[in-house]
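Accompanying notes for the structure given below.
The values are calculated or read from the model by the stated rules, or taken from the named source; none is laboratory data. Please read all numbers here as calculations on a predicted model, not as lab measurements. Here Cβ is always computed from backbone atoms with ideal geometry, including for glycine, and neighbour counts include all displayed protein chains. SASA here: full protein model, heavy atoms, side chains in, ligands and nucleic acids out. Shrake-Rupley method; radii C 1.70, N 1.55, O 1.52, S 1.80 Å.
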Amino acid sequence: DAAASGGAEYFRRACALQDAALELLRVAVADRISVISTQIQDALNLPKVPLKADKLEASLVYTRFHGISKRSNKLITIARRRLDALGDGSVAAVGYEDLLTLCRNTYCGAREVLLTSTVRNHMDILKERHGLVGMTRLASVFLIRLCTVETALYLDFFGDPDKRRHPRKAVKGSVQTNDEGKSEEGDEDKEERNQEAAATRRQQHNNTNNNNNNNNKVPAAATLASQILSEDSTFRDAEFQSMLGGLCSSLHRTIRRGLVSILDLDVLCQVVSVLREERSVANKSPTTM
């Protein structure tokens, strides 16, 4: 008899504990992403005032997200492993599936809001300065780089830490963790600040390398992608790919508007030629295939 044995009561308590755990994970990941996104928008006046493209990777748009990526990834990994342990047929698994979907949607929505105005503004600036053909080439290079960097950040949040090809080395001065994954200093805010500072230094170093590799864009993009990816296919999540597609649609928008007023077939042929060439470049990078 389930009632006599207390089975029903144990089940009720188990459900209550799971709901509490899911709520804690939601607040720590999804709500945290939303709060950080709002803070960045307020600090940088986004999306009303777009950022300069050459300042983007070293801005709060990336450093603040890098600051919360490590802890978020740990919590998401806990939820994912719990989901795998429960199995597809489990009723309890639905809650974890919904949580992971919420986290992905919240993340992708936040990134799209933070980046869209800057990407569109950069397309317009390139068209004004370099014309339609020059804009098409330069914008393609910019978007390949953006997709690769965004993929790296997405994997920092949602990737499988056991499948990363090149795990990051500990940055001097950053907070170290013990075997239980707890901060030795016990200060999450300080850990986030350390990670933000480390992310800023990495982005500045990457920007320097990008300037040195302007004439060698294919190897640079392919090398960065190979450092990010291994067998981890998390970056193929539908929500994330949809977000990248939305960002890249700015190029289509700008080219379409430019072609409306062009009567020269030579210019049209040049645009098509550039798009084909840049497409072959993008195909060499797993993040933009």
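Checking the cross-link pairs 48/74; 48/284; 48/127; 74/284 against a 27 Å limit on the alpha carbon distance flags 48/74; 48/284; 74/284 as lying beyond it. Computed with a 1.4 Å probe over protein heavy atoms only, the accessible surface of region 1-70 comes to 57 Å² per residue. Set the Cα radius of gyration of region 57-139 against 2.2 N^0.38 Å, with N its number of residues, and you get 1.64. Carbon-plus-sulfur accessible fraction, region 29-154 (probe radius 1.4 Å, protein heavy atoms only): 53%. Once the Kirkwood radius over Cα pairs is known for region 1-88, the Stokes-Einstein relation at 10 °C and 1.306 mPa s delivers a diffusion coefficient of 98 µm²/s. Among the trypsin sites (Lys or Arg not before Pro) found in region 1-69, those both in a DSSP coil and sparsely packed, with 13 or fewer other Cβ atoms within 10 Å of their Cβ, are 48, 52. Comparing region 64-105 with the 2.2 N^0.38 Å rule of thumb, its C-alpha radius of gyration ratio is 1.27 (two decimals).
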